[in-house]
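This report concerns only the one structure given below.
Read the figures in this text as sums done on the coordinates, not as results from a lab. Since we're looking at a predicted model, the values are computed, not measured. Positions of Cβ are backbone-derived with ideal geometry, glycine not excepted, and every protein chain shown enters the neighbour counts.
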Amino acid sequence: MNVLVINAGSSSLKYQLVNVEQHRLLAKGICERVGSAESFHKHGLDENEVVIDAKMADHDDAMALVLESLVEGPAKAIDSLDQIDAVGHRIVQGGKYFDRSVLIDDDVIAKIDELAELAPLHNKAALMGIHACLKHMPGVPMVAVFDTSFFQTLPPKAYMYPLPYELYEKYAIRKYGAHGTSHRYISERAAAVLDEPLEDLKLITCHLGNGCSISAIDHGVAVDTSMGLTPLDGLMMGTRCGAIDPAIVPFVMEHENLTPAEVNDLMNKKSGLLGISGISNDLRSVRDASEAGNERAQLAYDMYSNSVKKYIGSYIAVMGGVDAIVLTAGVGENCEKMRRMIFAGLQPLGIILDEEKNRQRGFEREISAESSQVKIIIIPTNEEYMIARDTFEILHEGTDAALA
Ligand code: ADP
């Protein structure tokens with residue numbers, strides 16, 4: 001079964017065509033700056049990738065280009081659109097309605113629209129992607145996969161904020177989490193690497209990319225996660241501040257004369273590694289500058305690792321122990337220095353990094369020392385495959401079809 005995975009952002013449309021049974025990527029690409037005069041389209045696998053200047057006024061135009069490049073041109077992947085059996089859409093906010101992936105119908109579309117209040121840019125973009133598919137591929141079944149659904153298992157003591165209860169009742173203000181598809185994928189793969197049932201394990205999963213989040217997964221069930229009502233909460237990130245004293249927000253608004261939208265922008269786009277270092281949101285640049293003696297870059301680096309360390313400690317306490325800590329995304333998978341700093345000093349908790357394994361490159365692997373009670377595992381995330389797999393499973397519900 002070939003599934004087209006769509007991840008629509010406010011000005012971008014990322015996609016992958018995946019053959020689910022063969023676990024094979026057939027094509028991928030991204031339409032960027034959709035809606036602007038500088039829009040362009042990258043399509044194809046690695047060496048076959050082509051970059052096309054293409055005018056895309058909206059997601060509808062972008063979708064038409066995507067479909068065209070799947071069946072025509074130098075990097076075509078299939079002979080005809082009939083070879084796309086289904087579409088899986090990534091949706092950021094599923095609110096209280098969706099604790100799992102679902103087949104898209106009018107009711108699901110209406111609920112995604114209603115939830116746009118909680119994730120304005122993201123859910124509206126996803127709807128544009130859904131409508132574009134409905135127009136260009138009528139009759140092809142579509143599935144919605146939500147970033148939040150994995151965290152619908154959180155208990156109220158973890159998802160409620162200690163604010164007046166009426167705010168929860170009126171506006172559904174609570175923790176929803178994000179990156180759920182990634183945390184679900186890496187927890188399943190970690191259990192496979194450990195060769196133990198997920199239901200027997202206490203895991204802490206760390207998605208450390210530009211956006212960062214950490215989850216506590218107790219016997220296969222998510223019990224806490226660092227992102228909150230929005231993906232701004234929790235860890236220090238590339239440009240996001242993560243958790244800060246909430247009193248800072250009105251203070252800065254008053255003294256800097258900022259509107260709610262401006263202070264939101266400051267916390268989402270000008271903070272984190274970028275805000276502290278003044279150099280970049282990219283950890284590689286911050287690392288290089290800190291090694292060259294830049295003190296603010298060094299501070300940013302130290303704050304980032306400390307922020308991860310604090311969550312690891314608190315989730316060990318939440319679960320009463322941990323069997324394995326799982327790392328993924330750009331920083332988690334690639335940055336040996338950051339991993340060394342995160343795990344430094346955790347020996348008393350039974351967490352010992354193997355320096356040599358930490359330096360080696362590879363795919364899924366353990367990097368903890370033989371003597372470490374807690375395993376440390378790297379799992380490259382694959383949210384697109386998870387979306388394709390959910391789509392396959394929903395469309396085969398009630399049949400004997402199963403994936404290896
Ligand atoms: P996104 O959230 O945009 O998908 P990624 O998962 O690609 O982010 O992660 C981006 C981050 O990973 C950047 O901060 C980048 O510096 C960092 N990163 C990527 N490769 C390396 C590397 N080899 N060493 C250190 N950091 C890296």
Next item on the list: Compare the peptides 244-255, 319-330 by average per-residue count of other Cβ atoms within 10 angstrom and give them in order, highest first.
Entry: 319-330, 244-255
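Determine the alpha carbon to alpha carbon distance for each of K124/K175; K42/K309; K42/K270; K42/K111; K202/K309; K175/K270 and list only those over 26 Å.
Working: K124/K175 20 Å; K42/K309 37 Å; K42/K270 28 Å; K42/K111 32 Å; K202/K309 17 Å; K175/K270 23 Å.
The pairs that break the limit, which is 26 Å between Cα atoms, are K42/K309; K42/K270; K42/K111.
Against the 2.2 N^0.38 Å scaling, with N counting residues, where does region 239-283 land? I'd like the Cα-based Rg ratio to two decimal places. Could the numbers behind the result be given before it?
Numbers: Rg = 10.7 Å, N = 45, 2.2 N^0.38 = 9.3 Å.
Here the Cα radius of gyration is 1.15 times the empirical estimate.
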Margin query: Just want the answer: with Cβ charges of +1 for Lys and Arg and -1 for Asp and Glu, which residue in F146, A329, A317 is farthest toward the dipole's positive end in the chain?
Written below: A317
Item checked: Rg over Rh, two decimals, region 152-202 (C-alpha only, Kirkwood Rh) -> 1.17
Margin query: Let me check I've understood the local charge: for I342, count other residues with C-beta under 12 angstrom from its C-beta, Lys and Arg +1, Asp and Glu -1. What total comes out?
Written below: +3
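Using the C-alpha atoms of region 309-404, what convex hull volume per residue, in cubic angstrom, is computed? Please list the in-between numbers first.
On the way: hull volume 13.6 nm³, N = 96.
Convex hull of Cα atoms, per residue: 142 Å³.
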Next item on the list: Output the peptides 75-87, 365-377, 209-221 sorted from most to least packed, where packing is the average of other Cβ atoms within 10 Å over each peptide's residues.
Entry: 209-221, 365-377, 75-87
Check: What percent of all Cα-Cα pairs in region 221-298 falls in each 10 Å bin, counting up from 0?
Finding: 19, 41, 29, 11, 0
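Extension gain L121-N257, at 0.36 nm per residue separation less the Cα-Cα distance, in nm?
On the way: separation 136, 0.36 × 136 = 48.96 nm, distance 2.46 nm.
So the chain would gain 46.5 nm between L121 and N257.
Which value results when the Cα radius of gyration for region 1-93 is divided by 2.2 N^0.38 Å?
Values: Rg = 12.6 Å, N = 93, 2.2 N^0.38 = 12.3 Å.
Here the Cα radius of gyration is 1.03 times the empirical estimate.
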Notebook entry, point to check: Counting Lys and Arg as +1 and Asp and Glu as -1, what is the net charge of the other residues whose Cβ lies under 11 Å from the Cβ of A289?
Noted result: -1
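Less than 10 Å Cβ to Cβ from V71, Lys/Arg counted +1 and Asp/Glu -1: what total charge do the surrounding residues give? Kindly include the intermediate steps, with their values, before the conclusion.
Values: positive: K76; negative: E68, E72, D79, D82.
Combined, the nearby Lys, Arg, Asp and Glu give -3.
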Next item on the list: List every residue whose amide H lies under 5 Å from the amide H of L327, counting only residues 5 or more places away in sequence or on a different chain, with H placed 1.01 Å from N in the peptide plane.
Entry: C206, I377, I378, I379
Next item on the list: Within 10 Å of each residue's Cβ, count the other Cβ atoms and sort M63, M386, M160, M1 from fewest upward.
Entry: M160, M1, M386, M63
Item checked: Ranked by how many other beta carbons lie within 10 Å on average, peptides 44-56, 300-312 from highest -> 300-312, 44-56
Note to self: Considering all alpha-carbon pairs of region 196-338, what whole percent are spaced by more than 17 angstrom?
What the structure shows: 62
Item checked: Cα convex hull volume per residue for region 41-119 (Å³) -> 139
Notebook entry, point to check: Taking the Cα centre of the chain as origin and charging only Cβ (+1 Lys, Arg; -1 Asp, Glu), how large is the dipole, in debye to the nearest 20?
Noted result: 1000
Note to self: Neighbour counts of other C-beta atoms within 10 Å: give me V71, V145, V102 arranged from fewest to most.
What the structure shows: V71, V102, V145
Notebook entry, point to check: ³J(HN,Hα) across region 47-64 via Karplus (A = 6.51, B = -1.76, C = 1.60, θ = phi - 60°), whole Hz, x for Gly/Pro?
Noted result: 5, 8, 5, 10, 10, 10, 6, 9, 6, 10, 6, 7, 5, 5, 4, 4, 4, 4
Next item on the list: Would you please give the residues with an amide H less than 5 Å from that of K202, counting only those at least 5 places away or on a separate chain, with H modeled from the backbone geometry?
Entry: H219, D323, A324
Notebook entry, point to check: Remind me, relative contact order of region 1-128 in percent, using alpha carbon pairs under 8 angstrom and six or more residues apart?
Noted result: 24
Check: aspartates and glutamates within cross-link reach of K170: Cα-Cα under 15 Å, excluding same-chain residues under 8 positions apart?
Finding: E114, E117
Notebook entry, point to check: What percent does the relative contact order of the chain come to when contacts are Cα pairs within less than 8 Å and at least six residues apart?
Noted result: 14
Checklist line | Whole-number Å³ per residue for the convex hull built on Cα positions in the chain | finding: 165
